[in-house]
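S.K.: Structure incoming, see below.
Each reported figure results from applying straightforward, stated rules to the coordinates on display, with no laboratory input. In this text the structure is predicted, and so the values were computed from the model without any measurement. Note that each Cβ is placed from the backbone with ideal geometry, even for glycine, and that neighbours are counted across all protein chains shown.
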Amino acid sequence: MNGATVLFSELLVRARQGRNLSQSDVANQLGIDSTTVSRWESHDALPSGRRFDEVVRLLDIDPDEAIAAREAQKRLRRGGRDRVAFDQGVDDLAATRHAELLQVLGRIEVQLLGFSARLTEVERALRQEARIAEAERVAE
């Protein structure tokens, strides 16, 4: 290998095309459906076990290079799942925090409504006192 990370799907395409074979040709020689080969080449799946060995032999791929490429693709797929899991965790945390904030805001709103009601009562009482004081002043 040249030091660059090569995915198995890329290695498979390169080897198949280098032998002027179609996906159907490879599938027929392996006794599988051509959609399976397509999935291998599009990063959707990897051949495992015996099927991996058959592909490597059929396309005359260096086994060490094939194994390294398969492992690189597995790491990439795991990383993608880890990222999805991380994003889901962030979304879940955001939803939880959002719900908690809504609860806090609800409690604050209740308190503000209570304060507002008390202020209204105080305002009424002050107006009443002002009317009484005005009436007493006028009566003097």
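S.K.: Taking H as built 1.01 Å from N, whose amide H comes closer than 5 Å to the amide H of A45, not counting residues under 5 places away?
M.R.: It is W40, by chain and number.
S.K.: Could I ask something else about it? May I ask you to give the average projected area over all directions of the convex hull of the Cα atoms of segment 43-140, in nm² rounded to one decimal?
M.R.: Working: hull surface 41.1 nm².
Mean shadow area of the hull around the Cα atoms is 10.3 nm².
S.K.: Another question, then. Test of understanding: ordering S24, S34 by Cβ neighbours within 10 Å, fewest first, what list do you get? Before the final figure, lay out the partial values.
M.R.: Values: S24 12, S34 15.
Ordered from fewest to most neighbouring Cβ atoms within 10 Å, S24, S34 come out as S24, S34.
S.K.: Which order do R137, R51, R75 fall in if you start with the one that has the fewest other Cβ atoms within 10 Å? Walk me through the numbers before you get to the answer.
M.R.: Working: R137 8, R51 15, R75 12.
Result, fewest neighbours first: R137, R75, R51.
S.K.: If you put +1 on each Lys and Arg Cβ and -1 on each Asp and Glu Cβ, how big is the dipole of segment 8-139 around its Cα centre, in Debye rounded to 20?
M.R.: Details: 21 positive and 23 negative charges, 19 e Å.
Taking the Cα centre of segment 8-139 as origin, the dipole is about 100 debye.
S.K.: Which ordering of E123, E10 is given by a fewest-first count of other beta-carbon atoms within 10 Å?
M.R.: Numbers: E123 10, E10 15.
So the ranking, lowest neighbour count to highest, is E123, E10.
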